[in-house]
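The structure appears right after this line, and notes come after that.
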């Protein structure tokens, strides 16, 4: 493979490994001629194998089709056209192809058709006749309007496994010796390689081999049919991970090598409702002159269903036959699993295969045999792009970066590196045999995070990261939660956690963007004075009140007094330097709830290598319901089997779902400790959150943000009371079932 680094090393991230866009951005009308069903090969994955291989098109049939298309501009309105020729093997009928192309050019000129200056001839060939003098003469005559793809599957082993002659022998040697001439004549030429079950272990070597042949653009895809077996997705992922490592280690991303196996846009929630396949928007004319919405709907392409045709040149196009195709969208043909899929973007389908595999004769049933293969590809893409973005920082407007910020579901992973690490929020630790995460487990965590697009929150004990651990994590995005009493230095990746009662304040900690302050409910009256003394050390201080769950009714009043005092002080502090105090300013900045979301947006992995809903449940003695799985199982199954996962979502929390104390952490650990249900907060958590909400409301005028923030006045402190009021009429009318 050429190592001549003539490509621009500053190529933008969204241009790296990107196969050239189709001509006219894919907006040209496609007219396909099935010249013959004959072929010299019997490719094992080809849906045409075993069909009639004698039938071929006549020139008169082709002329009739051309005349109809050019004579109906009201149907074929596109500004450009691609005239495609397929088989079988189209070059077996090179004289006919030449005649047809001459006739097309003549008619476009005579009719002064808009396509005269905007057309291309395109064909995909097995390459065996590429150096035939007749083919070369045709190429020379049409060079400026011609694109040709030769199918080379990869290494000799992979190619010969699938692309064989009638006698079963491989065709690699005969095809590849014609590749240099092809590349000389068509700069940037593409091959199309197909992946099946049996050749999966050869994917990585095949892409590298094709690049080494000089074929820099390599579209490659898994076949859509039902051929995949258990474990194939793991093999596919491993092959792509190995390929990604080759690309990174050898800096091939700087040299202009491209493959569709890696694309920045895949693996996100699908936001549009477009049909993936273009069937119905193209025209395929078979050997008898019958029109089809795509070649895959011609009878020789189908294994289980009758053909679908849309007319012919004599009778015209039956627009009613096209209506189902043009009305198709993603949702109406997809099962619910696909509609809800969080990594759906880039998952492809073939309408003809859908039809051939459907339970009835319909195009409105999507085949999903490649589901696991797509997800494996997504994980490998995440692995590559997350690493590559460290080497070539993406642009601010990069679409992948934008979509990462908007995605739903799991987004980060808390990594409890040391069981002796102090708490950083509400949960309590406990005395137990000390356990420190070993480097092998950390490697697995780092790999999992890269493949799942997860940032890491490292919860450390008294020691910082070792050099070996830093090397393991060099590709990951992470922050460190560090105890205020820890001795290792801080940096811009560090969040200091200061315990008011047990840590001695060290002025060397600051200044920092943010630190966390954990303070006992019994020390709250000291908080205002402490903040006045130390708040300049940070742009933001996030406060967690320890033992909040034990507050009595008599303690709510003093807490309100503390909040009122802080609300009176904060505007004065703002005059010195912008400052945020979570208890008061978080609610002012929110337009929707900003809860902890453990079990939804993040989970935890403990030093024992097991996943938990949150760090607090690692320390809980009865934690079996909150132990999700071990890292090896998750890497093998690609699933996080959270028990009753719906209970961690806001729409399954009846007290919380309509509450507007959006700054409330809605701590599921506190919920379980106090109410025995993860979705139900205690009175203490609710009242404290509403005292903070109301104190935030009192800040709106002093901070002059009336035009930006509106928090309505309410008469309650516990939303549970409001919920009971709403339910009371049903109780009084006897509509609540008796036990």
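Quick note: the coordinates plus some simple rules give every number you see, no bench work behind them. Bear in mind that the values here come from a model prediction, so they are computed numbers and not experimental data. Don't worry about glycine lacking a Cβ; one is built from the backbone with ideal geometry, like all the others, and counts go over all protein chains shown.
Miscellaneous remarks
- Model label sites at residue 348 and residue 299, defined 7 Å from Cα along the beta-carbon direction, differ in position by 2.9 nm.
- Contact order for the stretch 409-643, expressed relative to its length and based on alpha carbon pairs under 8 Å spaced 6+ residues apart, stands at 22 percent.
- Computed from Cα atoms, the angle from the helix 371-391 axis to the main principal axis of the chain rounds to 70 degrees.
- Using the Cβ-Cβ distance between residue 272 and residue 594 with R0 = 30 Å, the FRET efficiency computed as 1/(1 + (r/R0)^6) comes to roughly 0.60.
- For residue 230 and residue 55, a Förster radius of 51 Å and the Cβ-Cβ distance give a FRET efficiency of 0.80, rounded to the nearest 0.05.
- Computed from the Cβ-Cβ distance with R0 of 56 Å, the FRET efficiency linking residue 675 to residue 320 stands at 0.40.
- Distance between modelled label sites at residue 365 and residue 77, nm, 7 Å Cα→Cβ extension: 3.4
- Simple label model, 7 Å out from Cα along Cβ direction - residue 623 to residue 340, nm: 2.9
- Share, in percent, of DSSP beta bridges within the stretch 409-643 that are antiparallel, nearest 5: 15
- Equivalent-ellipsoid semi-axes for the stretch 436-527 (Cα gyration tensor, √(5λ), whole Å, largest first): 29, 13, 12.
- Contact order relative to length of the stretch 13-353, as percent, for alpha carbon pairs under 8 angstrom and 6 or more apart: 20
- A straight chain from residue 573 to residue 131 at 0.36 nm per residue would run longer than the Cα-Cα distance by 151.1 nm.
- Ranked list, fewest to most other Cβ atoms within 10 Å of each Cβ, for 43, 667: 43, 667
- Most to least packed among 444-452, 183-191 [average Cβ atoms within 10 Å]: 444-452, 183-191
- Computed over the chain: relative contact order in percent, which uses C-alpha pairs under 8 Å that are six or more apart: 9
- Centroid-to-centroid separation of the stretch 120-159 and the stretch 475-500 [C-alpha atoms, Å]: 60
- Fewest-first ranking of 251, 60, 246, using other Cβ atoms within 10 Å as the exposure measure: 60, 251, 246
- Within the chain, helix-based [θ] at 222 nm, where runs of 4 or more DSSP H residues each add -39,500 (n - 2.57), nearest 500: -10000 deg cm²/dmol
- Ranked by the mean number of other Cβ atoms within 10 Å per residue, highest first, peptides 674-683, 260-269 order as 260-269, 674-683.
- 0 to 90° range, to nearest 10: angle between helix 719-732 axis and the chain longest Cα axis: 80
- Neighbour-count order for 657, 95, fewest beta carbons within 10 angstrom listed first: 95, 657
- Here the chain carries DSSP beta bridges of which approximately 20% are antiparallel, counting only pairs with both residues inside.
- Debye-formula intensities of the stretch 13-353, expressed as log10 I(q)/I(0) at q = 0.09, 0.10, 0.11 Å⁻¹, are -0.51, -0.64, -0.79 (one equal scatterer per alpha-carbon, no solvent).
- Gap separating the Cα centres of the stretch 365-423 and the stretch 571-602, nearest whole Å: 26
- Crossing angle, helix 232-249 versus the chain [Cα axis fit, 0-90 degrees, rounded to tens]: 90
- Subtracting the Cα-Cα distance of residue 529 and residue 395 from 0.36 nm times their residue separation leaves 43.8 nm of extension gain.
- Pairwise centroid distance, computed over Cα atoms, of the stretch 170-199 with the stretch 618-639, Å: 47
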